[in-house]
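Asks: Below you will find the structure I want to go over with you.
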Amino acid sequence: MAIHASDAVDFESQTLTIALTQEPPQLNSTKATDQVSGTLLGHLMQGLVRYDRRGKVIPGVAERWEMDEKTATFWLREDAKWSDGKPVTAHDFVFAWQRVVDPKTASEYAFILAPILNAAEINEGKLPVSQLGAVALDDRTLQVNLARPTAYFVKLAVFITFYPIRQDFFESRGDQYAAEAKDLLYNGPFKLTEWTHSASLKMVKNEHYWDSENISLNAINVDYITADTRARLNLYTDGKIAFTRLDGETYKDALSQRFRIRRFTTGSTFFLEYNHRPGKPTDNRNLRKAIQSVFDPDEMVNRVLATPGNLRGESLFPVWINGVNDKFRKEYPAPQAGYNIKEAKRYLELAVKELGSIPPLVLLVSDSPTATKQGEYIQGVLLNKLGIELKIDVQTFKQRLAKMTSGEFDIVGAGWGPDFDDILTFGDLFASWNMNNRGRYNNPEYDRLVRLTMNSTDPKTRMDAMGKAQQILFDDAVILPQYEQGVIYLLNPKIKGVARRVIGPDPDFTYARIVP
Amino acid sequence: MLAYTLKRLFAGVITVWFIATATFIAMHQVPGDPLMNDKAVSAEIRANLEAKYGLDKPVTEQYFIFLGNMLSGDFGISFTQQNRRVNDIIRDHFPISAILGLLAIFFAATGGVLWGALTAIYRNRLPDIVIMFLVILGISVPSFVFAALGQLFLVNLNSLFGQSIIPVAGWGTIWHMLMPSMVLGLGTMALLTRLMRSSMLEVVNEDYIKTARAKGLSPTRIFFRHQLRNAILPVITVLGPQIAAITTGGFVVELVFAIPGLGRYFVQAVQQLDYTVIMGTTVFYGAFLVLMVIIVDILYGFIDPRVRLS
C-alpha cells in the first residue's frame, strides 16, 4: 500500500494533493454516470472538443469541425496521442460510440448519443452496431450522420460518453477494462499511475498529451477518499489537501478558522415536483396555483439554506443557460408569482370546491439533513398560510427513487443537473415521454414545444419555444422552483488556474499551477 | 473435543445458510433495486440492464442461482463498481478492517481488564467512581462523536506543534492506526470494564480466595493466579462476538478517518442496494461471527476444564 505523506501543495514538484468523496465507481467512459468518475475522466481523457476556462467549446482531439443539418464532420489533430505513444484516430471514436449504443453494454447514458443516426434503434436491439451513423473516413476524419438536425451536437460531444477508446487495447483487457490503472489508456493531460481502491489514486502528467507543454502540474495525488465533510475539513486544516467542499455545518467551522470561503453556483435547479397522475389531489391545477402564491422565494435561500452561493428559484431554467444572443433568463424573464396571499386563498377555494376537501399531502424527501430542513419549512408555510397539512416522508436513496417511479407521493423535493450545454437538457424534462418526468405531467402543447426545439436549428425558434414552455410551467404550476444550487468550498491560496464548471469536469485542475 | 468441534461447525454452516437466506429475502422486499438512479433510463435500456444482471428472472430462480454461486465461492460482481468482483472487494478490504479491529480489541481488552480490576480493588473509592463515570460515557456516547472529537484532537495537536505529527486521516503506518483503533475500541473497553469489575467482585468473595489467603499466599499471586484467571472468563466469552462486532462495526471510524476497510462497503451497499455486495459481505461477516463464537467456545474448553467434561 502506497503511503503518501504529501502536503496539500508543493511548489517545487508542482504537485497537488486532494481528497475524493467516494471511490470512483466506473472509469469506463461508455458507462460512467457519476460526478466523481466524470471529473477524473475529464483529467485523464479527452474528447473531440472540450471547454476552455470560460466554458466555451474549443478544439480537443479535433482541431476543427463543420456542421450542417445532416452531418457533422470532425478533423482530428495530428499530434493527439494515447499514453502508449500511438495516435488517437477517428476509429477510436467510432469504436467507443458503438460500445455505448450496444445494448449488451447497457450504458445508462446511451440516450445522449440519440442525435446520431440509428443510435436509438441499435440501443433497442433493432439494428446491428455497425449501422451507427459515425464513420471514420480516414484515420483523421470522423463523419457523424445525424438522425435529426441537432444544432448543439458539438456541445454534446464534450460529454465523457463521447470519449474515444482504442479497440485493440479494450479487447485485450476483456472485462477487466478500467478495473485498475493499467487497464486504461489515457489521451488526456494526466494519466493514472496508481489506484488503490477506496484509498488513493495518483495522476501524473501525460507526456504524450498533445498540449503537455501548457500543463503546469506534474502530479495530482488523491491521498484520501471519504464522504465525511468534516474529515475533509480537518485534512484541509492540517495542510494535507488543497481543496474541499463545505456544507452547512462545516461552513461555520471554516468561518471561525478564518479560511477564505469561496462560492460557486453549480448550475442545478431544485424544485418541488407535483404528482400529476389522475386521482392525486396535486393533479388539481387550482391547488397547485394556490401553493405557488404563498412562498417568498428569498426565504428558502436566505433563511432555510443560509449558505452562500444559492440563488433564488424562479424557473426550471437556471440563470446560466444561453438564449439566442444573451442568457435565456434575460431574454425570457421567468414569470413570478410572488407572495400574494389573496390570490392563493382564491385558488384554494376553487380547489376545495372541485376536490371536496384537501387531504393531508405527502412530501417525499431524501434523508439528507438539508432536505429534511427544507421539508419542515415547506410544511410550516403550507400549514400557516393555507391550512394544508403536509406529511414529510423521509426516504433513503433507493427507496425514494422507487417511490418516485411508482408515484407514491404528492410532492417530491427534486432537482436536476445539466448533462449538456443546451436548453433542452432542462426543457425536455417535462415532456410526456421522458422517464425523468416522475410526476407524469402530460401536456401535448408542452410536448410540441419540446419537439420543435429538438428538430429546429434556428436559435430564435428554439428559444421562443422554450420561452413558451417556461410560461406553461408557470401557468400550470407544473413545479414550484425552490433554488439554484450553490456550493461553498475552500481552495489553497497557492493554487491558481482552477476552473469550476457547470458542465464538464469540476473542479478542473488541468491548467492549474502552484505559485510559491 | 473433536466431536464437539465438528458439531459446532456443522451448526455454524446451517446458521450461515440461514443468514444468507434471510438477508436475500429481506433485500428483495426493500423497495428499489441496484439499477435505479437519479437519472431514469428508458424502458429499453432498463431491460438491457436487467437482462445483463439477471434481475429479470423470478426471485426464486435468482435465489438458487445465488446459492449455487455461493457454494462455488463466487459472489459475483458489484453493481455500483462494475469492474470489481465481490470476492476481490472482500479480499482487498477485509484485512484492513481486521487489523483495525484487532488493534481495537487489543486496546479494549487490555484496557477493560486493567480498569475493571482497578475498580474492583479500589471499590467505592475515587478511582472506581471516576472510571465508572467514564465507562458510562464510553457506552452511551455514539462512535461518530468520539471519532470526530478524536480527529479534532489530532488537528489541534498538530497545529500546536506546527507540523503534522500524527496523521489526522488515512491508512498505512502505525501512526495512522492509533486514533481510529482507540475510538473503535472505546465502547467495547467500557463494556469489558464493567464486566471485569462485576466478575472480580464476585470472585473476590469466593471460598477458594479465602483458602488461598489462609494458606498465606502473597496478594500478588492471589491476584494473578486465582482472581484474574477466574474473573476473566466472562470477558473471554464476550470477546468472540465483540471481535466480530468491532470488525464489522467500523463504518463510522472508516468514514471519518478515510480508512479503506470493508465496513464502508458493507453499509454503502445497503444504501445503494448493491445486491451482490450485500449478500457477499453479509455472508462473509456472518461466517466470521459464527467462526469467532466457535473459536471462543473451544478456547473456553482449555481455560475452564469444567466445560470440556460436559
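The values are calculated or read from the model by the stated rules, or taken from the named source; none is laboratory data. Please read these numbers as outputs of a predicted model, since none were measured by experiment. When we count neighbours, we look across all protein chains shown, and the Cβ atoms used for this are built from the backbone with ideal geometry, even at glycine. Calculation scope for accessible area: heavy atoms of the full protein, side chains included, ligands and nucleic acids excluded. Shrake-Rupley method; radii C 1.70, N 1.55, O 1.52, S 1.80 Å.
Asks: What does the structure give for A:222-234 when I average, per residue, the other chain Cβ atoms found within 10 Å of the residue Cβ?
Replies: Whole-number average of other-chain Cβ neighbours for A:222-234 is 6.
Asks: Using amide H atoms built 1.01 Å from N in the peptide plane, name the residues 5+ places from A:Ala147, or on other chains, whose amide H lies under 5 Å from its own.
Replies: A:Ile116, A:Leu117
Asks: Return the whole-Å distance between the Cα centroid of the stretch A:231-266 and the Cα centroid of the stretch A:469-501.
Replies: 19
Asks: What accessible area per residue, rounded to a whole number of Å², is obtained for chain A using a probe radius of 1.4 Å?
Replies: With all protein chains present, chain A gives 39 Å² per residue.
Asks: Per residue of A:101-111, how many C-beta atoms from partner chains lie within 10 Å of its own C-beta, taken as a mean?
Replies: That works out to 5 on average.
Asks: Can you give me the Cα centroid spacing of the stretch A:303-368 and the stretch B:286-307 in angstrom?
Replies: One Cα centre to the other: 63 Å.
Asks: What's the carbon and sulfur percent of the protein assembly as shown's accessible surface, probe 1.4 angstrom, rounded to a whole number?
Replies: Looking at the protein assembly as shown in its full context, I get 58 percent from C and S.
Asks: Which of the pairs A:Lys280/A:Lys398; A:Lys56/A:Lys86; A:Lys104/A:Lys391; A:Lys31/A:Lys403; A:Lys289/B:Lys39 have their Cα atoms more than 31 Å apart in this structure?
Replies: The answer is A:Lys104/A:Lys391.
Asks: Would you mind checking which residues have amide H under 5 Å from A:Val362's amide H? H placed 1.01 Å from N; only 5 or more apart, or other chain.
Replies: A:Lys391, A:Asp410, A:Ile411
Asks: Here is a further query. Send over a whole-number figure in Å² for the accessible area per residue of chain B, probe 1.4 Å.
Replies: Value for chain B: 50 Å² per residue.
Asks: Give the average, rounded to an integer, of partner chain Cβ atoms located within 10 angstrom of each Cβ in A:423-436.
Replies: 1
Asks: Taking the Cβ of A:Pro369 as the center, what net charge do the other residues with Cβ under 9 Å away carry, scoring Lys and Arg +1 and Asp and Glu -1?
Replies: Once all neighbours under 9 Å are counted, the net charge is -2.
Asks: Still on this structure, I have one more. For the protein assembly as shown, count all C-alpha to C-alpha pairs, find those more than 46 Å apart, and express that count as a whole percent of the total.
Replies: Percentage above 46 Å: 33.
Asks: What 222 nm value per residue comes from the helices of chain B, counting each DSSP H run with n ≥ 4 as -39,500 (n - 2.57) and dividing by all residues, nearest 500 deg cm²/dmol?
Replies: Computed mean residue ellipticity for chain B: -25500 deg cm²/dmol.
Asks: Provide, in order from the shortest bin, the percent of all Cα-Cα pairs of the stretch A:373-516 in each 10 Å bin, continuing until the bin that contains the maximum pair distance.
Replies: Going out from 0 Å in 10 Å bins, the stretch A:373-516 shows 9, 28, 29, 22, 11, 2, 0 percent.
Asks: Sticking with this structure for a sec: Can you classify the stretch B:157-310 as rounded, prolate or oblate using the Cα gyration tensor, where a ≥ b ≥ c are the square roots of its eigenvalues, rounded means a/c under 1.5, and otherwise it's prolate if a/b beats b/c and oblate if not?
Replies: Judged from the Cα gyration tensor, the stretch B:157-310 comes out oblate (a/c at least 1.5, b/c at or above a/b).
Asks: Which of the listed residues, A:Leu350, A:Gln336, A:Thr372, is farthest toward the dipole's positive end in the stretch A:283-384, when Lys, Arg count +1 and Asp, Glu count -1 at the beta-carbon?
Replies: A:Leu350
Asks: Count charges around A:Tyr347 for me, please; just the other residues with Cβ under 14 Å from its Cβ, Lys/Arg as +1, Asp/Glu as -1.
Replies: Neighbourhood net charge equals +3.
Asks: What total accessible area, in Å², is buried where chains A and B meet, using a 1.4 Å probe and rounding to the nearest 100?
Replies: 3900
Asks: Rolling a 1.4 angstrom probe over the protein chains, ignoring ligands and nucleic acids, what is the accessible area of A:Met203 in square angstrom, nearest 10?
Replies: The value for A:Met203 is about 10 Å².
Asks: What do you get for the angle between helix A:35-44 and the principal long axis of chain A? Use alpha-carbon atoms, 0 to 90 degrees, nearest ten.
Replies: 30
Asks: Here is a further query. For the stretch B:217-224, just list the computed ³J(HN,Hα) in residue order, Karplus coefficients 6.51, -1.76 and 1.60, θ = phi - 60°, integers in Hz, with x standing in for Gly and Pro.
Replies: 5, 5, x, 4, 4, 4, 4, 6
Asks: Here's something else I'd like to know. 222 nm [θ] for chain A, helices only, -39500 (n - 2.57) per DSSP H run of 4+, per residue, to 500?
Replies: The per-residue figure over chain A is -7500 deg cm²/dmol.
Asks: Further question on the same structure: HN-Hα J couplings of the stretch B:283-291 from phi, Karplus 6.51/-1.76/1.60, θ = phi - 60°, integer Hz, Gly and Pro as x?
Replies: 4, 4, 5, x, 4, 4, 4, 4, 4
Asks: From the square roots a ≥ b ≥ c of the eigenvalues of the alpha-carbon gyration tensor of the stretch A:1-155, which class results: rounded (a/c under 1.5), prolate (a/b over b/c), or oblate?
Replies: Prolate is the answer for the stretch A:1-155, as a/c is 1.5 or above and a/b outweighs b/c.
Asks: If you place +1 on the Cβ of every Lys and Arg and -1 on the Cβ of every Asp and Glu, how big does the dipole about the Cα centre of the protein assembly as shown come out, in debye to the nearest 20?
Replies: Using Cβ point charges on Lys, Arg, Asp and Glu, the protein assembly as shown gives about 2300 debye.
Asks: Can you run phi through the Karplus equation (6.51, -1.76, 1.60; θ = phi - 60°) for the stretch B:104-111 and list ³J(HN,Hα) in whole Hz, with x for Gly and Pro?
Replies: Per residue, the Karplus-derived 3J(HN,Hα) values read 5, 5, 4, 4, 5, 5, 5, x Hz.
Asks: For a test of the definition: using alpha carbon positions, the gyration tensor, and the 1.5 limit on a/c, classify the stretch B:8-152 as rounded, prolate or oblate.
Replies: The shape class here is prolate.
Asks: Then there is this: Given a 1.4 Å probe and heavy atoms of the protein chains only, how would you sort B:His226, B:His176, largest accessible area at the top?
Replies: Result, largest first: B:His226, B:His176.
Asks: Using alpha carbons only, how many angstrom separate the centre of the stretch B:34-106 from the centre of the stretch A:196-220?
Replies: 31
Asks: Continuing with this model, one more query. Among all stretches of chain A without exposed GluC sites (Glu not before Pro) (DSSP loop, at most 14 other Cβ atoms within 10 Å), which one is longest?
Replies: That would be A:208-388.
Asks: Go through B:20-32, B:100-112 and give me the packing order, highest mean Cβ count within 10 Å leading.
Replies: B:100-112, B:20-32
Asks: Next up: Counting other Cβ atoms within 10 Å, keep those with at most 14, restrict to DSSP loop, and tell me which trypsin sites (Lys or Arg not before Pro) in the stretch A:17-75 are left.
Replies: Filter output for the stretch A:17-75: A:Arg53, A:Arg54, A:Lys56, A:Lys70.
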